[in-house]
Amino acid sequence: MAPRGGIARLMLGVAAVLVMAGCASPNKYRAPVEDRSLATRQPAAAAPVAAAASAPATTEPAVKPLPGSENAGKAGYYSVKPGDTLIRIGLETGQSWKDILKWNNLENPNVIEVGQVLRVVPPGVDPNAVSTRPVTLPRLESRPLDAKNPPAPPPNAASTPPAPPPVMPAPPVAREGDDNVNWLWPATGSVVGTFDESRTKGIAIAGKAGDPVVAAADGKVVYAGSGLRGYGNLVIIKHNNTYLTAYAHNQALMVKEEQAVKRGQKIAEMGSSDAERVQLHFEIRKQGKPIDPARLLPPR
């Protein structure tokens, strides 16, 4: 019979062997550290790739095109630029801002977007067509010949050289439609600022505060207000389908929009609104393009 101490040592040895055997043998409930790292970290890293491969490709929502963008660059249309207002667009295109509002079915004249394309000619009008007045040739009087009674030859017909054919006067030069405007100076002061298409776009006429400003020709007021930066109290008159005139920096306006005015009618009083001194800034626009008023106004 083994001593009690030897039995105890034997049992401890057996237990140690069993523990070592258990550590060395596979067990479905055991999760080694090395295996756990592969089972938890590696699939997590690969998951997004698998999801990206299996999930349908996502696309960002399509950007809604701006109104009228399909007409960009076409004649008769205008692409809105930063700082534009309907008033300025009307001045630049030779149209009434209210007409532009109507032609484009705009609900709010103060809401337009950069890049938006607006119609600036009336619907149904070919913007490429050039309006011209027909050339009228002078009528020459002629009498029908009478075959039974031909005109008697003049005396000494044989010795008289044939008369040269009548000289027909040159036909008048064809002019663009609406070019026959009877222009008048809008103020009596001297010109203190000359035309510069890239900068001033008009001329400056000196005067005293309250001096009368008159319509340069018959027409209809298409704008009267102070909504265009740099122009102060402004009047814009549309004379026909070709010409607009603008009268800026007034101290008081005497007309309202849609009002018909006659050549020489007082439309404003000269002032210095949005200007450094009292003056009238006067522009003539031909189909929206500024031209030198001195070319059209009568000599003084």
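The numbers here are math on the coordinates, done by the rules we state, and not lab data. All of these numbers come straight from a predicted model, not from anything done at the bench. Glycine gets a Cβ as well: all are built from the backbone with ideal geometry, and neighbour counts include every protein chain shown.
Overview of values
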{"quantity": "Lys, Arg +1 and Asp, Glu -1 on Cβ, resulting dipole of region 235-300 about Cα centre, debye, nearest 20", "calculated": "380"}
{"quantity": "Sorted by Cβ density within 10 Å, fewest first, the residues Thr93, Thr242, Thr194", "calculated": "Thr194, Thr242, Thr93"}
{"quantity": "Gyration tensor verdict on region 181-287 (Cα atoms; rounded if a/c is under 1.5, prolate if a/b is larger than b/c, oblate otherwise)", "calculated": "rounded"}
{"quantity": "Cβ crowding within 10 Å averaged over residues, with 243-250, 178-185 ranked highest first", "calculated": "243-250, 178-185"}
{"quantity": "Simple label model, 7 Å out from Cα along Cβ direction - Asn108 to Lys64, nm", "calculated": "1.3"}
{"quantity": "Partners for Lys201 among lysines (Cα-Cα distance below 27 Å; same-chain residues under 8 apart left out)", "calculated": "Lys74, Lys81, Lys98, Lys220, Lys238, Lys256, Lys262, Lys266, Lys286, Lys289"}
{"quantity": "Cα gyration tensor shape for region 69-119, rounded if a/c is under 1.5, else prolate or oblate", "calculated": "rounded"}
{"quantity": "Charge tally in the Cβ shell below 13 Å around Glu92, where Lys, Arg are +1 and Asp, Glu are -1, Glu92 excluded", "calculated": "+3"}
{"quantity": "Potential lengthening between Asn241 and Thr188 on full extension [0.36 nm per residue; Cα-Cα distance subtracted]", "calculated": "16.4 nm"}
